[in-house]
1. Do you know which residues across the stretch 165-183 are surrounded by 14 or more Cβ atoms within 10 Å (Cβ to Cβ) and either at pLDDT 90 or above or within 26 Å of residue 94 (Cα to Cα) (or both)?
2. In the stretch 110-132, what residues are crowded, with 18+ Cβ neighbours inside 10 Å and without any contact (Cβ under 8 Å) to a residue 60 or more places away in the chain?
3. If you scan the stretch 160-194, which residues turn out to be within 21 Å of residue 111 (Cβ to Cβ), in a loop (DSSP other than H, G, I, E, B) and not acidic (Asp, Glu)?
4. Can you tell me which of 135, 83 is more than 20 Å from residue 185 (Cα to Cα), crowded, with 17+ Cβ neighbours inside 10 Å and among the hydroxyl-bearing types (Ser, Thr, Tyr)?
5. Name every residue in the stretch 86-109 that is of a type in the set (S, T, N, Q) and either surrounded by 13 or more Cβ atoms within 10 Å (Cβ to Cβ) or within 12 Å of the ligand (Cβ to nearest atom) (or both), in order of residue number.
6. Select from the stretch 19-71 the residues that are touching a helix residue (DSSP H, G or I) at 6+ places or on another chain (Cβ under 8 Å), free of Cβ contacts under 8 Å to residues at least 40 places away in the same chain and either more than 9 Å from the ligand (Cβ to nearest atom) or among the acidic types (Asp, Glu) (or both) and list them in ascending order.
7. With respect to residue 135, is the statement that it is assigned by TED's automatic domain parsing to the domain that holds residue 193 and in contact (Cβ under 8 Å) with a residue 40 or more places away in the chain true?
Amino acid sequence: MIYFIRDATSGLLEKVRKDILQNTMELVRLFKEREELSRIIASVKEKENFEIRDRRREEIVLNKLGNLSPRQRSILNMIFEFSISCQDKVDETLEVYLSERCLQLSGENSILEYVAGLLSSRPGSEIYSSRELDSAFVLGAVRNGAHIINDSCDSPDLRIGHSRDKEIYHISLDDSGTMSLNPVILQVNFSFTRVQVD
Ligand SMILES: C=C(O[C@@H]1C=C(C(=O)O)C=C[C@H]1O)C(=O)O
């Protein structure tokens, strides 16, 4: 792929976008294939009584890949965790324990915002809001790998609000400096990718 930026015309953007879309489609196909492969590996490991997480194997993979920049390495780490999560079974004792615990935190507002950002994010999750988000919240969310989207979401998996209404919100922050967590978000199985901040 060779692009001559100095001769850039509007056609160039279109061409590179076509190529990057092709790249995205290949990545998605490969993710799906990886899910399948990981499940096969999981069943072999279960039969042989092997651990799911295998650092020795990861080191062999890393050696094969040569030098990676820190950004590339962090993506690879996410890919490792992706295949591990396709293999892992949920610990049921932990699941019951976590689902029974309701949690309240109190403290200074921007610290609570930061913690709410951390708790409501996963690598690659989407945080929607039509209003300007608190900068401490954004810092926590982005540190955990979330993507911020300046729009609202019609069907979020998780909702955050600045009110005491715990019926609607999974995480609520009120004016008196208290953050309440609905225990559902602590459940091991509770997965979310779309978060709405009201
Ligand atoms: C896929 C495996 O399981 C895990 C995931 C790995 C990967 O994504 O490459 C490597 C080692 C393990 O931590 C494996 O053991 O081969």
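1. Within the stretch 165-183, 166, 169, 170, 171, 172, 173, 178, 179, 180, 181, 182, 183 qualify.
2. 114, 117
3. Listed by number, the residues that qualify are 162, 163, 164, 166, 169, 170, 176, 177, 182.
4. When all the criteria are applied, what remains is 83.
5. 87, 99, 109
6. Those that are touching a helix residue (DSSP H, G or I) at 6+ places or on another chain (Cβ under 8 Å), free of Cβ contacts under 8 Å to residues at least 40 places away in the same chain and either more than 9 Å from the ligand (Cβ to nearest atom) or among the acidic types (Asp, Glu) (or both): 51, 58, 62, 65, 68.
7. Answer is no for this residue.
The values are calculated or read from the model by the stated rules, or taken from the named source; none is laboratory data. Since the structure is predicted, the reported quantities are computational estimates derived from the model, not experimental observations. Neighbour counts run over all protein chains shown; Cβ positions are idealised from the backbone, glycine included.
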